[in-house]
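**Q** Quick one: structure below, then a few questions.
The values are calculated or read from the model by the stated rules, or taken from the named source; none is laboratory data. Bear in mind that the values here come from a model prediction, so they are computed numbers and not experimental data. Cβ coordinates were reconstructed from backbone atoms using ideal geometry, including for glycine residues, and neighbour counts include every protein chain displayed. Areas reflect the complete protein model, heavy atoms only, side chains present, ligands, DNA and RNA absent. Shrake-Rupley method; radii C 1.70, N 1.55, O 1.52, S 1.80 Å.
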Amino acid sequence: MTSTVGRGDISGSSVGIVMRSGKLTVSNIDVHDNQGGIYSPILDIRITLTNVTANDNTGNGIRGGDVRATSVTTNGNGAAGIVAEPGKFRGTNITANDNGGAGIVAGRGVSASNLVATGNGTGGPNSGGSGVSSFG
């Protein structure tokens, strides 16, 4: 999904954006106040995000198998800000603050530059309440 005129906005849904197969590319959109923000129930989906916010969703802000992100903000979600399981998270200019779970959770590693992750809850038994958790 791409917003071509201005910036898009998705709110008030059970899931803002859901992808069940293929690859998902999302740009220039705000996904907020949903049960889940951007979500893939299939664990091998790659999600590529550019200039996206996923704030104040009751579940995860963003969840996919592998997540690549540039200029992405996930604040105030009820669960984790970003989940990349079982894969990797790669990002630049990422903000993940005040989420109920970890700011970022990844199964096979996190590579991030210009990352701010503060005030997040626990990401699971191995995270120790950190902003970023990797289990791989």
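**Q** Quick check on the stretch 9-74: take the gyration tensor over C-alpha atoms, sort the square-rooted eigenvalues as a ≥ b ≥ c, and tell me if it's rounded (a/c under 1.5), prolate or oblate.
**A** In terms of gyration-tensor shape, oblate.
**Q** Next question. Find out how many positive minus negative residues lie around Ser113, taking Lys and Arg as positive, Asp and Glu as negative, among other residues whose Cβ is under 15 Å from that of Ser113.
**A** Charge balance in the 15 Å sphere: +3.
**Q** Here's something else I'd like to know. In Å², what does the accessible area per residue of the stretch 29-132 work out to with a 1.4 Å probe?
**A** 38
**Q** Using the Karplus curve 6.51 cos²θ - 1.76 cosθ + 1.60 with θ = phi - 60°, work out ³J(HN,Hα) for each residue of the stretch 104-117 in order, rounded to whole Hz, and write x for Gly and Pro.
**A** Here the 3J(HN,Hα) series is 9, 10, 9, x, 10, x, 10, 10, 9, 10, 6, 9, 10, 9 Hz.
**Q** For the stretch 1-117, what are Rg and Dmax over the alpha carbons, in angstrom?
**A** Both quantities, over Cα of the stretch 1-117: 12.2, 36 Å.
**Q** Looking at the stretch 67-128, I'd like the Rg to Rh ratio, where Rg is from alpha-carbon atoms and Rh is Kirkwood's inverse mean 1/r.
**A** 0.93
**Q** Now, a different point. Where nothing but the Cβ of Lys and Arg (+1) and of Asp and Glu (-1) is charged, how large is the charge dipole of the chain around its Cα centre, in debye to the nearest 20?
**A** I would put it at about 460 debye.
**Q** Okay, moving on. Run the paramagnetic zone check for Asn114: 7 angstrom along Cα to Cβ, then residues of the stretch 49-84 with backbone nitrogen under 18 Å.
**A** It comes to 49-54, 68-75, nothing else.
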